[in-house]
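Structure first, commentary second.
What follows draws every value from the coordinates through simple rules; no lab data is involved. Computed from a predicted structure; not experimentally measured. Every residue, glycine among them, receives a Cβ derived from its backbone with ideal geometry; neighbour counts consider all protein chains shown.
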């Protein structure tokens, strides 16, 4: 038998010990997102990176050895780690096209990746233990590298589900407007025709895409009937090719679809999620419900960019909010997605939750949008979204009661990811 060197053996033993380590958390108030209730004086037994059991504090103490270390959160409200289902860690805000262009033209991909690592750390610090990052905006596959660095413990950040480069068609995504004599960077991967689309999807999956992101529409205007309309970037056959190839490879497909026309085209093609969706109408909502499609309204970014962009953008917060209110009433699956990166990463993405409440959700529904619903969107309900036996020990706590004031989630002071405390103050 080959013996390991002493320093390697010590590392292996330490890893094994960490994997088996037991810890207890005493939760003064535990938000049970599955059963819409709050449980008092609960104990959470953690083994390694997973929750082992949950029950009353007295019961939990009996399940653990006497010397099991305990974390006292008895004066706090404890919740599952939050999930933001629409972010861009490689982007640092782009109210104007000039701000977007400057990042792609003046910042190298390594520099942008370093900035992205800070964005990821901020997200985790704020209590977001998982994010779905919906494209790198011209930074190629840097999101895959960042995801791997986080997984390997090189940098701090949430669990990442990434879409890599995203797709659009020729002439339909920035950078645009430059001299035809210049070859400027593309903010996305450009594909035209079914054959290119299928090859492009395969390429992105090859390099690590968890999701396939497609810019379905652009150029928005409000029609005489009050609907937000848009121009669709691809033919029906092309859009179906994205979805078909993604699903064939075991991946899911997200559609940037803001206007009525884009949402209609995305639903017809079978996309799994609608991003932004300001032009949702009741008939489109009914189709989304029937198809089991999730919607990320990205309310906060709409308010962030409106004044700077002007024009139709000034009307979008109102239109999106009105659509969200009706969708909540009808039962559309709304997941929390803030579009962080579309606004600066100095802003706490939990501000999205306050807007969901403003536009019709109860605080519990908003919390569920950032936990159980978002975990379902990610196909990760066995791992994420709740504090239950078998799930990752991704746990946050706040001194206030977010069920009375949802903005309390902008003031999280305790964060645990995978059984490891990453913030405690």
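Taking a point 7 angstrom from the Cα of residue 140 along the C-beta vector, which residues in the stretch 94-128 have backbone N less than 18 Å away? Zone members listed by number: 103-117.
Output the antiparallel fraction of DSSP beta bridges having both residues in the stretch 82-377, as a percent to the nearest 5. Don't jump to the answer; show the numbers that get you there.
Working: 5 of 32 bridges.
Of those bridges, close to 15 percent are antiparallel.
The antiparallel fraction among DSSP beta bridges confined to the stretch 25-164 stands at about 50%. Set against the labelled values (1) 22.1, 79; (2) 23.4, 72; (3) 20.9, 66, Rg and Dmax of the Cα atoms in Å computed from this structure falls on (1).
The stretch between residue 74 and residue 102 holds 5.3 nm of extra length on full extension. This uses 0.36 nm per residue minus the Cα-Cα distance.
Using a Förster distance of 60 angstrom, determine the FRET efficiency expected from the C-beta separation of residue 179 and residue 223, and round it to 0.05. Mind showing how you got there, number by number?
Numbers: r = 34 Å, r/R0 = 0.57.
With a Förster radius of 60 Å, E is 0.95.
Mean-square fluctuations from a GNM of the chain, with a 10 angstrom spring cutoff on Cα atoms, peak among 182, 377, 105 at 182. Comparing 393, 223, 116 in a Gaussian network model of the chain, where Cα atoms under 10 Å apart are tied by springs, the biggest mean-square fluctuation is seen for 223.
Each Cα pair under 8 Å and six or more residues apart adds its sequence gap; the mean of these over the residue count of the chain is a relative contact order of 18 percent. Between residue 405 and residue 41, the FRET efficiency from the beta-carbon distance, with R0 = 22 Å, is close to 0.50.
In this label model, residue 111 and residue 67 are separated by 5.3 nm, measuring between points 7 Å along each Cα→Cβ vector. Taking Cα atoms only, the orientation of helix 142-151 departs from the longest principal axis of the chain by about 10 degrees.
The C-alpha atoms of the chain define a longest principal axis, and helix 236-248 lies at about 20 degrees to it.
Over the stretch 334-386, what relative contact order in percent results from Cα pairs under 8 Å that are six or more residues apart?
The value is 36 percent.
Computed from Cα atoms, the angle from the helix 109-125 axis to the main principal axis of the chain rounds to 50 degrees.
Listed highest first by mean packing, meaning other Cβ atoms within 10 Å per residue, what order do 261-270, 359-368, 225-234 come in?
Values: 261-270: 22.5, 359-368: 20.9, 225-234: 18.3.
Most protected by this proxy first, the peptides run 261-270, 359-368, 225-234.
Between residue 383 and residue 286, the distance separating the two model label sites (each 7 Å from Cα on the Cα→Cβ line) works out to 3.8 nm.
Springs join every pair of Cα atoms under 10 Å in this Gaussian network model of the chain, and among 385, 93, 310 the largest mean-square fluctuation is at 310.
Hey, what number do you get for the chain at 222 nm if only DSSP H runs of n ≥ 4 count, each worth -39500 (n - 2.57), divided across all residues, to the nearest 500?
On the way: 14 runs with 152 residues, N = 425.
Helix-only estimate at 222 nm: -11000 deg cm²/dmol.
Counting only DSSP beta bridges with both residues in the stretch 215-307, tell me the antiparallel percent, nearest 5. Mind showing how you got there, number by number?
Numbers: 5 of 13 bridges.
Expressed as a percentage, antiparallel bridges in the stretch 215-307 total about 40.
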